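What follows is one structure encoded as structure tokens, with my remarks underneath.
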Amino acid sequence: MRVVIAEDHALLRDGLTRLLQAFDFDVVAAVDNGPALLPALTVHKPHVAIIDVRLPPTFTDEGLQAAIAARTQMPGLPILMLSQHVEPLYARELLSTPYGGVGYLLKDRVSAMDPEVISQLLARREPLAVLTAREREVLGEMAEGRSNAAIAAKLRITEKAVSKHINNILTKLDMPPSDDDNRRVLAVLAYLNR
């Protein structure tokens with residue numbers, strides 16, 4: 001999977017690059033300023049872009065503006081925005097584009113770790129490995145907020161089949177019926193935390 005990174009802090013840019021490469025992502029460009037970002041996106045046509053909201057030269061919203069411009073040229077380009085602070089205006093502006101595929105992550109939530117440590121942690125925490133491919137598909141649609149009817153329509157299966165898959169998912173993820181917990185939400189959280 002091709003990735004373009006736009007981050008002006010060299011340590012974070014290098015850490016993200018190394019981390020992604022350790023998991024076989026192809027970092028095709030890592031730029032440190034706004035003017036270089038849009039050309040990198042249009043030339044490399046990445047599968048995903050990780051972009052700092054504020055980039056040189058003005059440190060205002062160069063990253064955001066380049067992301068919006070890129071999505072007009074490449075509709076649906078998945079983008080993960082990085083920021084020091086929660087900036088609702090910036091998030092709202094990008095989220096208002098009609099294509100989806102947008103994430104917003106605070107930089108203090110990003111950490112670079114040794115790839116071997118991450119591999120071992122993920123190996124121990126991969127609860128979704130017990131699910132079939134179809135169950136993972138259904139769970140992914142649940143994570144998108146779709147109803148059983150919408151999942152059935154999208155996957156071209158019956159609502160009864162969707163219900164069966166959801167019951168299997170909940171059983172395999174060891175989520176017994178409970179009056180206190182919403183099992184569907186817990187299953188989606190497990191999916192998002194994978």
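The values are calculated or read from the model by the stated rules, or taken from the named source; none is laboratory data. Note that the structure is a prediction, hence the values are computed from the model and not measured. Note: ideal-geometry Cβ built from the backbone for every residue, glycine included; neighbour counts use all protein chains shown. Remember, those area values only see protein heavy atoms, side chains included, never the ligands or the DNA or RNA. Shrake-Rupley method; radii C 1.70, N 1.55, O 1.52, S 1.80 Å.
Here are the numbers:
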read-out	value
Of residues in the stretch 68-80 being surrounded by 19 or more Cβ atoms within 10 Å (Cβ to Cβ) and within 14 Å of the chain's Cα centre (by Cα), the one farthest from ASP14 (Cα to Cα)	LEU77
Scan of the stretch 1-15 for residues that are outside any strand (DSSP E or B) and either open to solvent by 40 Å² or more (accessible area, probe 1.4 Å) or at pLDDT below 90 (or both), ordered by number	MET1, HIS9, ALA10, LEU11, LEU12, ARG13, ASP14, GLY15
Residue count for the stretch 53-64, restricted to those that are assigned to a loop (DSSP other than H, G, I, E, B) and either over 24 Å from LEU11 (Cβ atoms) or open to solvent by less than 10 Å² (accessible area, probe 1.4 Å) (or both)	2
Residues being buried (at least 16 other Cβ atoms within 10 Å of the Cβ), in contact (Cβ under 8 Å) with a residue 40 or more places away in the chain and assigned to a helix (DSSP H, G or I) - total across the stretch 143-181	1
Test: residue in the stretch 132-142 that is open to solvent by less than 40 Å² (accessible area, probe 1.4 Å), at pLDDT 65 or above, in a helix (DSSP H, G or I) and among the basic types (Lys, Arg)	no
Complete set of residues in the stretch 19-43 that are of a type outside the set (A, V, I, L, M) and over 18 Å from the mean Cα position of the chain (by Cα)	ASP32, ASN33, GLY34, PRO35, PRO39, THR42
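To keep it simple, each residue is scored yes or no on (1) more than 18 Å from GLY101 (Cα to Cα); (2) modelled with pLDDT under 90; (3) open to solvent by 70 Å² or more (accessible area, probe 1.4 Å).
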position: ALA29; (1), (2), (3): yes, no, no
position: PRO39; (1), (2), (3): yes, no, no
position: ILE51; (1), (2), (3): no, no, no
position: ALA66; (1), (2), (3): no, yes, no
